[in-house]
1. Within the bounds of the range 13-27, is there any residue that is out of contact with any strand residue (DSSP E or B) (no Cβ under 6 Å at 6 or more places or on another chain), within 25 Å of residue 127 (Cβ to Cβ), surrounded by fewer than 16 Cβ atoms within 10 Å (Cβ to Cβ) and in contact (Cβ under 8 Å) with a residue 24 or more places away in the chain?
2. Report, by residue number, each residue of the range 144-164 that is surrounded by fewer than 21 Cβ atoms within 10 Å (Cβ to Cβ) and either closer than 21 Å to residue 9 by Cβ or within 10 Å of the chain's Cα centre (by Cα) (or both).
3. Go through (1) touching a strand residue (DSSP E or B) at 6+ places or on another chain (Cβ under 6 Å); (2) free of Cβ contacts under 8 Å to residues at least 40 places away in the same chain one by one and return the number of the condition residue 151 breaks.
């Protein structure tokens, strides 16, 4: 297991994307590879545990293709911090490395006809622990919150770099939708 590297992971995700023709098939193919890399902590740098105080999380880019596709990040979440409801506008595979994260899923109940307006309803909640790997489709909406006492860290693989998808963040109280751009550490 310790011999599985970031480079091999990137090779495996490139192959999956080339050989599969649907987001569901791509994520199903990548899911075991993400779990394998997340379980092997030898590649993790101490800087990946750093958190941007303003955001409440640190987004550390470890791979991205020149055209912004196949982006791989390590995200470190400060205790009692997270990111509110958001979508990705691309497929995603997320593997928990350490700590715990509460993921809350939402479904949109408005008809999307009013720009800037979004009405969401909670569809599920679960806590993710090391070894857990989950997949998201482009229009899935979820929030992530570190409900533990230490840094939570997870491996995130996306079909496209998050700041190049046109994704949204949602405000439940005000029922609004706005662009979601995050600060990335290289």
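1. Yes: one or more hits.
2. 161, 164
3. Single failed check for residue 151: (2).
Condition check ((1) within 13 Å of residue 154 (Cα to Cα); (2) free of Cβ contacts under 8 Å to residues at least 40 places away in the same chain) across all residues:
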| position | (1), (2) |
| --- | --- |
| 30 | no, no |
| 41 | yes, no |
| 53 | no, yes |
| 71 | no, no |
| 81 | no, no |
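None of the figures in this text is laboratory data; all of them are computed from the coordinates on show. Keep in mind it's a predicted model, so treat the numbers as computed, not measured. Every residue, glycine as well, gets a Cβ built from its backbone with ideal geometry; the counts of neighbours run over all protein chains shown.
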